[in-house]
1. Please specify each residue of the range A:463-498 satisfying the condition of being touching a residue at least 40 places away in the same chain (Cβ under 8 Å) and more than 20 Å from A:LEU526 (Cα to Cα).
2. Looking only at the range A:113-128, which residues are at the interface with chain B (Cβ under 7 Å from one of its Cβ atoms) and part of a helix (DSSP H, G or I)?
3. Output the residues belonging to the range A:85-112 that are over 22 Å from the mean Cα position of the chain (by Cα) and more than 7 Å from every other protein chain (Cβ to nearest Cβ).
4. Within the range A:158-168, can one find any residue that is facing chain B (nearest Cβ under 8 Å), part of a helix (DSSP H, G or I) and buried (at least 24 other Cβ atoms within 10 Å of the Cβ)?
5. For the range B:482-493, check the following and say yes or no: at least one residue is farther than 26 Å from B:TYR228 by Cβ, under 30 Å from the mean Cα position of the chain (by Cα) and more than 14 Å from chain A (Cβ to nearest Cβ).
6. Would you point out the residue of the range A:324-381, among those that are among the β-branched types (Val, Ile, Thr) and either outside any helix (DSSP H, G or I) or over 26 Å from A:GLY298 (Cβ atoms) (or both), that is nearest to the other protein chains (Cβ to nearest Cβ)?
7. Suppose we filter A:SER366, A:SER377 for residues that are under 21 Å from A:VAL126 (Cβ atoms), surrounded by fewer than 20 Cβ atoms within 10 Å (Cβ to Cβ), hydroxyl-bearing (Ser, Thr, Tyr) and free of Cβ contacts under 8 Å to residues at least 24 places away in the same chain; which single one remains?
8. Which pairs do you get when a residue that is facing another protein chain (nearest Cβ under 7 Å) and in contact (Cβ under 8 Å) with a residue 40 or more places away in the chain, found in the range A:227-246, comes within reach of a residue that is part of a strand (DSSP E or B) and buried (at least 23 other Cβ atoms within 10 Å of the Cβ), reach meaning Cβ atoms under 6 angstrom, with the pair 6+ apart or on two chains?
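The values are calculated or read from the model by the stated rules, or taken from the named source; none is laboratory data. Just so it is clear, the model here is predicted, and its values are computed rather than measured. Note: ideal-geometry Cβ built from the backbone for every residue, glycine included; neighbour counts use all protein chains shown.
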Protein chains: 2
Amino acid sequence: MEKKTKLVADWQTLMRTFINHEDDASRSTLVKYMEQIFFGLHDFLKKHVGITEEVSLKDLSKNFTNTLISENPEKKLADVITDLVENIAPHAVNVTSPYFVGHMTSAIPFFMVHLKTIVAALNQNVVKIETSKVVSILEKQVIAKIHRLIYEEDESFYERHVQNIRTTLGCFIEDGTLANLTAFWIARNSMLAPKNGFTGVEQEGIQAAYKAYQTERCVILVSRLGHYCVKKAGGLLGMGNQNIMIIDVDADNRMDMDSLKKAIKDIKNSSIKTKIIAIVGIAGATETGTIDPLSEIGAICAENRIHFHIDAAWGGPTLMSEKYRHLLKGIKLADSVTIDGHKQFYMPMGCGMVFFKDPSIMDSVSYHANYVNRPGSVDLGIKSLAGSREASSIILDSALKIMGSKGYALLIEHGIDICSEFAGEIEKRPDFQLITRPELNILTYRICPFHIQSMLAQSNPEQICSINKKLNKINTAVQRLQREAGKSFVSRTKLKISNRHGKDIVVFRCVIMNPMTNMKILNEILDEQEEIFRGIEEL
Amino acid sequence: MEKKTKLVADWQTLMRTFINHEDDASRSTLVKYMEQIFFGLHDFLKKHVGITEEVSLKDLSKNFTNTLISENPEKKLADVITDLVENIAPHAVNVTSPYFVGHMTSAIPFFMVHLKTIVAALNQNVVKIETSKVVSILEKQVIAKIHRLIYEEDESFYERHVQNIRTTLGCFIEDGTLANLTAFWIARNSMLAPKNGFTGVEQEGIQAAYKAYQTERCVILVSRLGHYCVKKAGGLLGMGNQNIMIIDVDADNRMDMDSLKKAIKDIKNSSIKTKIIAIVGIAGATETGTIDPLSEIGAICAENRIHFHIDAAWGGPTLMSEKYRHLLKGIKLADSVTIDGHKQFYMPMGCGMVFFKDPSIMDSVSYHANYVNRPGSVDLGIKSLAGSREASSIILDSALKIMGSKGYALLIEHGIDICSEFAGEIEKRPDFQLITRPELNILTYRICPFHIQSMLAQSNPEQICSINKKLNKINTAVQRLQREAGKSFVSRTKLKISNRHGKDIVVFRCVIMNPMTNMKILNEILDEQEEIFRGIEEL
């Protein structure tokens, strides 16, 4: 019998939540909750096809101001679920909508949710073998699988390393920011390694390392389209984020090789003694989806013995497509590669990964404790930025088995193909201007009616600047109004266009990864933008 | 009709995995899988009450060596689930067993799995408001709730800050290691802040910062029982991990105040110009569960204007117990506090948190990008070590509502009370020696028969060393044999015992957080250890 009285925390009720449900009655309760979650959310989404409810953040936040933890239980699980389905979900963002094409978050296959449930139910902690056992072994295997996808070393290499307790081909971590940080941390330690009485930067610090290596500055080189986490890593690692040197991009938004070569030359000739910790190649820039000339950067890094890191957080899984993997040619030259599982592996949030060409390079960051991670153990936490971690490897490994690389290839090819078609449609419409042509499944464009495009072509820098200023206002307003209308979502960013006098222009940014997103939907999105634009013009 | 033929990746099959299941047939399929997961795991656990199957890692790893990703699907979801239940789960570690008392991982309430499922199904990314909306607001609220639990500021303080887009009371991150790193990162930046033409350590780096502040070294002070991640943070942040200064502990394993004062004095008088970035107080040491004298450390930090960080990854939730919150007296003096959600908040893996007394202190680590995290937005990713993050706040907020602080208190008090009773039992048994008395719910002990204890009391240092060496071998062997037998699991570590000539001794480490763990079970564990010990003796 369910009591309708005030809820009270008591031991018996509490214990029931820890018991394995063995009888039929409690089993059906467990299932009832899961049904409530799945069907509640589905029913909700059926009714609300939009991205989010029309309510301002400010109004929303008024309901989230109580900061006292209730002493006694406030709600039963069923009510908490109802609340989440009815009051939180509608005001969250429906990232599963095919009209949500603004960010690198999208619908995921339903089985990903099932797999995450298994991971939570097993609740293994992969920091050490004693709380994970076979899952640590599984993690080593799936890391080797992705390593092989990237580096294509021979069978004997993987036989030697897949279950080798002394070597590490890569690791999982919360996200791409931390994966990139891991790579730069290791690159820094490799550059400022122990020598002649100096025990290494990890032990003695930057100050001592600069002295031992007669260096005044360490830098990382990355294109203007590099993710902002590269600067964050520079700040964290004690190099200073001003020492992340920005290299210009060419007309196609790829790192400009002449600029890179000049930067390296300037560094060598600089009066400030400088070491280059790493050069970053981007494989799928966050804003434009463009891919740097990886082979050429790789060759330059090899020539100059510089750590080559590739941020393939977005583009990495393109390697599974026979049709498009050539776009990432040169990726195997990288010393380290970041790939996010929660991006184009379509996994739920919280799965970054980083891979290393040299299976011993992570030795410079090994840490031990007496109670876990003893030297010589299989404990994965010995060489890892994070400590406790959930077993994301179970999700990735299972997904690879369910999908096959061809299944993933279908998703990735769909995104690239539709994005290319969408670019054509934008070029056909007189109100729009394509700004960055898609190399993968990301493009940018803006509202810039044909007669203004002609005007821009004939204007002087000052006039261009003034026209762009107005266009920026219009595009910002249209993006905001479309977002607030709640039916569809395209993000916006600011880009410098080459040869357009270096000024930032506001653009719509479109990321196509949802397989349900098709040309009909994208046309509707353009129609809506045109309509909003005409509404503004009339004002 | 299910086909028995070879699986092939095709678009139609793929699409079905992305569709919201609206008809009854596909709904029942969804539920069928969930039942398979829940009941499969439960049935398995019913049959296998132990911690893990008896098979060596080496043998296990032989089955995890294939490193090729299959082109076509290898398995259907149902088969993948069966495989996980039948072949992975038995060789993982049953952390839900009440006989698993070796690590800070345990059974969690079943509803935590449901909540994790909701988080995965919503798949929000809390890095930015555009992929999370209300969930970012919810996160700010629950962060404020825990902040209030720690700091107990007045209502007006929380009214001002709970939904303030310019201030930050704390943040979520993957785990305690990264939460502590966040705290030290911010402490470093506060110490080496911008001044007179110097733009701060984050921007200019350690080298320039040391020059600007006429410093040769930065140190962090932590007791001998500090988590190994403090050293890791020192390495990462460019200070050098050798500059994590270890302070001795007293007979009760708490930071020794005289040693701390002496260390500060020595640093002030040192010929090497040194700045103290932070002093760490531990609230629940990983190995012994002991709590440093927080009030005294807080007073010393205030007097010397040093950042006071408390690592309460383990002990933090003790604040919810009226009976035991006094053990953490002084916690509100901290400038920053780490608490892990996946420890004593009984959440699934992957939830660290860090809180700050000063709501503006995180300003020194704000990073922006053009497409997200614009200045002035509610985007939580502006001030955060990580980028993309799952919405752990939903789980914690819901759990607080379902449990109430009293519900949590019951769990925490059970652990502390049983642990204290267990200490009494260990002292009663002639074969055992209690090594560290529990302050919270962690204790250490070893096999050391009564006659040997007497012998030790009368021996000289050399004899003690030789006896301890033998005891270490015995205790290591017993722990290993018990673990391999697979029925129960107690971890082991090495501790220096005060006044025992500074040598490491091997001890059993017992962590009691599973509410199903009772004295009957703990006695069985001791019985088994005695039996194994006698078996060894006979050899």
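1. Passing the criteria: A:LEU495, A:LYS496, A:ILE497, A:SER498.
2. A:VAL113, A:HIS114, A:LYS116, A:THR117, A:ILE118, A:ALA120, A:ALA121, A:LEU122, listed by residue number.
3. Those that are over 22 Å from the mean Cα position of the chain (by Cα) and more than 7 Å from every other protein chain (Cβ to nearest Cβ): A:VAL85, A:GLU86, A:ASN87, A:PRO90.
4. Step one: list which residues in the range A:158-168 are facing chain B (nearest Cβ under 8 Å), which gives A:158-159, A:162-163.
The next check asks that each one be part of a helix (DSSP H, G or I); those that pass are A:158-159.
Right, trim to buried (at least 24 other Cβ atoms within 10 Å of the Cβ) and you get none.
There is no residue in the range A:158-168 that is facing chain B (nearest Cβ under 8 Å), part of a helix (DSSP H, G or I) and buried (at least 24 other Cβ atoms within 10 Å of the Cβ).
5. Scanning the range B:482-493 turns up at least one residue that is farther than 26 Å from B:TYR228 by Cβ, under 30 Å from the mean Cα position of the chain (by Cα) and more than 14 Å from chain A (Cβ to nearest Cβ).
6. A:VAL378
7. After ruling out the rest, the residue left standing is A:SER366.
8. Hits for this filter: A:MET239/A:CYS218.
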